[in-house]
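Q: Below is the structure I would like to discuss, written out as structure tokens.
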Amino acid sequence: MYQILLEKINKKQVNIGIIGLGYVGLPLAREFLKNGFRVIGFDIDDEKVSKINAGKSYIKHIDSEFIKKYISSNSFSATNDFGKLKEVDVIIICVPTPIGKHYEPDLSFVLNTTKIISQHLRKGQLVILESTTYPGTTEEELLPILSQTGLKVGKHFFLGYSPEREDPGNNKFSTATIPKVVSGITEKCLDLVDRLYKNIVIKTVPVSSTKIAEATKILENTYRAVNIALVNELKIVFDRMGIDIWEVIEAAKTKPFGFQAFYPGPGLGGHCIPIDPFYLTWKAREYAIHTRFIELAGEVNISIPFYVVEKTIKALNSSGIPVKGAKILLIGIAYKPDVDDMRESPALKIMALLEQEGALVDYHDPYIPILHKTRKYRFEKESVPLTPENITQYDAVIITTNHSNIDYNLILDKAKLIIDTRNALNTKGIQNGRIWKA
């Protein structure tokens, strides 16, 4: 089975099945299509399936014309019929791995997907998990489920882990130009995973086990989470001291060694950084270890939306306006600039907290025209046009996402009160008049 699958991979004759057509799965499908593979996308979201088959994209950096091209050539299709898994040679899992309300890992999407795969698994297939998770998941959770079929890993089927490294909105790096960590349960599994991804990325980085690959992803995002927590905490400390954290960072980053700039904000967003460290802290408890340093960083980052709301209330009070009944406009719902991705966006938490205080909250985001319900929130709002007339109707404007196509001069000119969480206005010093930093 190994030799047959290896030859098919080398000749680009394998059919690729990608489960989960979101911000990881769809860009991955694009790279396989560009490099001559046939791809079937699987998703339980009927709307996504319909759009793909109609040649339409729902992700900003994926062009609809590209999808239409490969749909027309019969190289790409989407389906919610998982019975078609039997038609593919490679199955790549790109489903969400969120955390529960008590910050415990929620592997339900991964495990349910694996159970579905086991119902259709046949000899000669390669299964790869890309979803972020704690070390041990592939070997301890996926392998037993797939082995219940009676097929033997490394002989009848093959299993590996290769963490996604997507960074939506990054114009410097894309799926193809980011080195890819690859791993497998056995040596043959690793070789197949490595050979497969060599076809679509600039470089592969083989590691000795799936645990190492899983831990690599956790380290990458914990590193960022901890450093962002540091500057978020310093932001609060320096604010009390009358010091502008952004000006401090700009000065510090002129040092050519020993310092990497991280920036504060309204909280952490995206699918990885706010979540991954909690996967590790949860798994560490199995080994009677409490990751105090990482947990503290998580606590700091979780607290920042509350800090922004407190600062907003203080700013409103300074103008003699109670937060209850105050009209507030959030600029940006996406979790980072210039993307249409609002997963774990701190702006959503800020909106919820303000509404709990009785504020009337609207938003403007050029990339998210409609705010739908999510797993955590039940907002149903539409983006408000950013016009002079609209801006003047609000008691306060909070800049939660610094999109590059926002007219900040208009906001600066027309807003009664501005709370800038991103230093989008690039004002030096703390201003306790009309412009507040938070």
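A short reminder: the numbers here are calculations on the coordinates, not readings from a lab. Model, not experiment: these values are computed from the prediction. Please note: Cβ atoms are built from the backbone with ideal geometry, for glycine as well, and neighbour counts cover all protein chains shown.
Q: Mind listing P(r) for the chain? All alpha-carbon pairs, 20 Å bins, whole percents.
A: 24, 51, 23, 2
Q: In addition: Quote to one decimal, in nm, the extra length available between residue 47 and residue 81 on full extension: 0.36 nm per residue of separation minus the C-alpha distance between them.
A: Values: separation 34, 0.36 × 34 = 12.24 nm, distance 1.40 nm.
The span from residue 47 to residue 81 would gain 10.8 nm if fully extended.
Q: In addition: State to the nearest 20 debye the size of the charge dipole of the chain about its Cα centre, where the only charges are +1 on K and R beta carbons and -1 on D and E beta carbons. Walk me through the numbers before you get to the answer.
A: Values: 55 positive and 50 negative charges, 166 e Å.
Dipole of the chain, to the nearest 20 debye: 800 debye.
Q: Using a cut-off of under 20 Å, list every residue of the stretch 233-266 whose amide N is near the label point 7 Å from the Cα of residue 412 along the Cα-to-beta-carbon line.
A: Those under the cut-off are 244-251.
Q: I've got another one for you. Tell me which residues come under 5 Å, amide H to amide H, from residue 398 once H is placed; ignore anything under 5 positions away on its chain.
A: Result for residue 398 returns 329, 330, 331, 419.
Q: Using alpha carbons only, what's the Rg to Rh ratio of the stretch 361-438 with Rh from Kirkwood?
A: Reported Rg/Rh (Cα atoms, Kirkwood Rh): 0.98.
Q: Given N residues in the stretch 267-313, what is Rg(Cα) / (2.2 N^0.38 Å)?
A: Compared with the compact-globule rule of thumb, the stretch 267-313 sits at 1.36.
Q: So what's the gap between the Cα centers of the stretch 334-399 and the stretch 173-252, to the nearest angstrom?
A: Using only Cα atoms, the two centres lie 29 Å from each other.
Q: Something else: Given Cα pairs under 8 Å that are at least 6 residues apart, what percent is the relative contact order of the chain? Write down the numbers at each step before the final one.
A: Details: 840 pairs, mean separation 49.0, N = 438.
It comes to 11 percent, rounded to a whole number.
Q: Please give every one of the lysines within straight-line cross-link reach of residue 152, meaning a C-alpha to C-alpha distance under 19 Å, and leave out same-chain neighbours fewer than 8 residues apart.
A: 86, 115, 123, 188
Q: Is the stretch 10-100 best put as rounded, prolate or oblate by its Cα gyration tensor, with a ≥ b ≥ c the root eigenvalues, rounded for a/c under 1.5, and otherwise prolate when a/b is larger than b/c, oblate when not?
A: Rounded is the answer for the stretch 10-100, as its axis ratio a/c remains below 1.5.
Q: Let me ask something additional. What is the stretch 292-438's relative contact order, in percent, from Cα pairs under 8 angstrom and six or more apart in sequence? Don't skip to the answer; put the middle values down first.
A: On the way: 249 pairs, mean separation 35.0, N = 147.
Computed value for the stretch 292-438: 24 percent relative contact order.
Q: Once phi is turned into ³J(HN,Hα) by the Karplus curve 6.51 cos²θ - 1.76 cosθ + 1.60 with θ = phi - 60°, what whole-Hz value does each residue of the stretch 331-338 show in order, with x for glycine and proline?
A: Couplings: 9, x, 10, 4, 6, 8, x, 6 Hz.
Q: Next question. Using helices alone, what [θ] at 222 nm do you get for the chain, with -39,500 (n - 2.57) per DSSP H run of 4 or more residues, divided over all residues and rounded to the nearest 500?
A: -11500 deg cm²/dmol
Q: Continuing with this model, one more query. Taking only Cα atoms and a 10 Å spring cutoff, compute GNM fluctuations for the chain and point out the largest among 283, 255, 349.
A: Its mean-square fluctuation being the largest, the pick is 255.
Q: Further question: Starting from 0.36 nm per residue, how many nanometres of slack lie between residue 108 and residue 255 once their C-alpha separation is accounted for?
A: So the extension gain works out to 48.4 nm.
Q: Return the distance in nm (one decimal) between the two label points of a simple spin-label model at residue 427 and residue 381, each offset 7 Å from Cα along Cα→Cβ.
A: With each label point 7 Å from Cα toward Cβ, the separation is 2.2 nm.
Q: For the stretch 36-178, what ratio Rg/Rh do Cα atoms give with a Kirkwood hydrodynamic radius?
A: Rg/Rh for the stretch 36-178 comes to 0.97.
Q: Quick check: from the Cα gyration tensor, does the stretch 142-245 come out rounded (a/c under 1.5), prolate or oblate?
A: Since a/c reaches 1.5 and a/b is larger than b/c, the shape of the stretch 142-245 is classed as prolate.
Q: Just want to confirm a number: the relative contact order over the stretch 1-105, from Cα pairs under 8 angstrom separated by 6+ residues, in percent.
A: Numbers: 151 pairs, mean separation 34.8, N = 105.
Rounded, it is 33 percent for the stretch 1-105.
Q: I would also like to ask the following. In the stretch 261-331, what GluC sites (Glu not before Pro) fall in a loop by DSSP, with at most 11 other Cβ atoms inside 10 Å?
A: Answer in residue order: 286.
Q: So which residue, out of 42, 293, 306, gets the largest mean-square fluctuation from a GNM of the chain using Cα contacts under 10 Å as springs?
A: In this elastic network of the chain, the residue with the biggest mean-square fluctuation among 42, 293, 306 is 293.
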